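Structure first, then comments.
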Ligand SMILES: O=c1ccn([C@@H]2O[C@H](COP(=O)(O)OP(=O)(O)O)[C@@H](O)[C@H]2O)c(=O)[nH]1
């Protein structure tokens, strides 16, 4: 026994080596676990699909987000969009099954884009806007049949179909606002929000937060949200019949009140000459009650290309005569003082982008001059200059631009100064501006009411601290072995 103890005292190295090896293994294991545990898992994604059934067309959007973050900080991004061929679903009132058929191509594309194993858990929504609102007003059973056809077609796909419905104007406005502010990262950070201006074919929406609006005046324009721990009192209004296409009907109805055979329209280019049918012009509930008695079947629609006169006709589609609130936009609708930056999308963007007018630092007078020159350009020349633009769109940009300017300045009261607060946008960080993303975020509860709890340290900080601590422990451990070192150097090794 004593001989053994003597041996150990004389030769402490085996024990020391074992302790060092165990210490090193423990430290390496500690650091490895810290690094591995916090390493982002191989990224898995979830998907959501929204169909925007607009008045003039339907579009499909696919959204994607990291699977492990779907309820808090995960950024939802648009990964794919598909424009459905043909008109909006409301145009299939007399052939409802065709409305369902029309969606199949884009739906097949979606089947390819979303990974097969995610199909069954991918929610699929269809939201219809003002085109279907109008059809529903005009012919409820036709609208129901269109929905039946569309639902039948969508149920055949392997996604988790969550239903097709008409959005209210308020939802359309509010979800457009949510989309813009979510994509701009303004909600999570609690920053000042951006207002949303949406111009569709059949309706137009304005939504913004104004510090002088708390919802008590005209409560029907108020939508309240609690998002990421912040309360928002949003003002929103949707003007049915004031989308670009229906507003044009209102403008043409102004000029065909007496049922003439020919009109010389200041909002169309000089040389434009088309025969149009009275029943097509007056086929929507926005104008149907104004159809002139005893009008001929058709009228010749000729262009005059005069911006000022066009603005005069366009102004007449707005009613500025009555306002029972402290202030109004038009048609007796309350509107608080405009506040903050605004994002203007859909047809606002299409039209202003076509005319190279998306830069709002251009003074309003220069904008007017540009539209004036464009409207005065002969139709033949316009067509020759834009051979690749669809004639249906091309013929309407003079009216479209005049309408946008009049709606913004006369309707919503934007001034030469506040006009520069507007940004004409199509996409934000790769996702289209519109109501669809906000709608999906809401239905999937993806924006929490309260700010999510964040770990006290970021991943890199956590790993660095654990590594540093491990190194310090190791040094401490080596230092604690100092008596052994001394003994070793004092007693020469026995061979
Ligand atoms: O390249 C384009 C695409 C659309 N539009 C017009 O933009 C408006 C809005 O179209 P959208 O289909 O987005 O509106 P919705 O049908 O959803 O109301 C309609 O008047 C379209 O004619 C346009 O001028 N240029």
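Where a number appears in this text, it was derived from the coordinates with a stated rule and is not lab data. From a predicted model like this one, the values you see are computed outputs, not experimental measurements. Ideal geometry is used to build each Cβ from the backbone, glycine not excepted, and the neighbour counts take in all protein chains shown.
The table below gives the values:
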{"item": "log10 of Debye I(q)/I(0), alpha-carbon scatterers only, for segment 311-468 at 0.18, 0.19 Å⁻¹", "result": "-1.22, -1.29"}
{"item": "Cα gyration tensor shape for the chain, rounded if a/c is under 1.5, else prolate or oblate", "result": "prolate"}
{"item": "Value of [θ]222 nm, deg cm²/dmol, for the chain, DSSP H segments ≥ 4, -39500 (n - 2.57) each, nearest 500", "result": "-12000 deg cm²/dmol"}
{"item": "Between 0 and 90°, nearest 10: helix 397-406 axis offset from the chain longest Cα axis", "result": "80 degrees"}
{"item": "Global geometry of segment 49-194, whether rounded, prolate or oblate, following the gyration tensor of its Cα atoms and the 1.5 cut on a/c", "result": "oblate"}
{"item": "Rounded Å value of the spacing that divides the Cα centres of segment 374-423 and segment 201-264", "result": "19 Å"}
{"item": "Computed P(r) (all Cα pairs; segment 178-290; 5 Å bins; percent)", "result": "2, 10, 16, 15, 13, 10, 8, 8, 8, 6, 3, 1, 0"}
{"item": "Nearest 10 degrees, 0 to 90: helix 364-376 Cα axis against the chain principal axis", "result": "50 degrees"}
{"item": "Per-pair calculated FRET efficiency, R0 = 25 Å: residue 191 and residue 362 via Cβ, rounded to 0.05", "result": "0.40"}
{"item": "Using alpha-carbon coordinates, inclination of helix 169-183 to the longest axis of the chain, degrees", "result": "40 degrees"}
{"item": "Gap separating the Cα centres of segment 313-362 and segment 145-160, nearest whole Å", "result": "36 Å"}
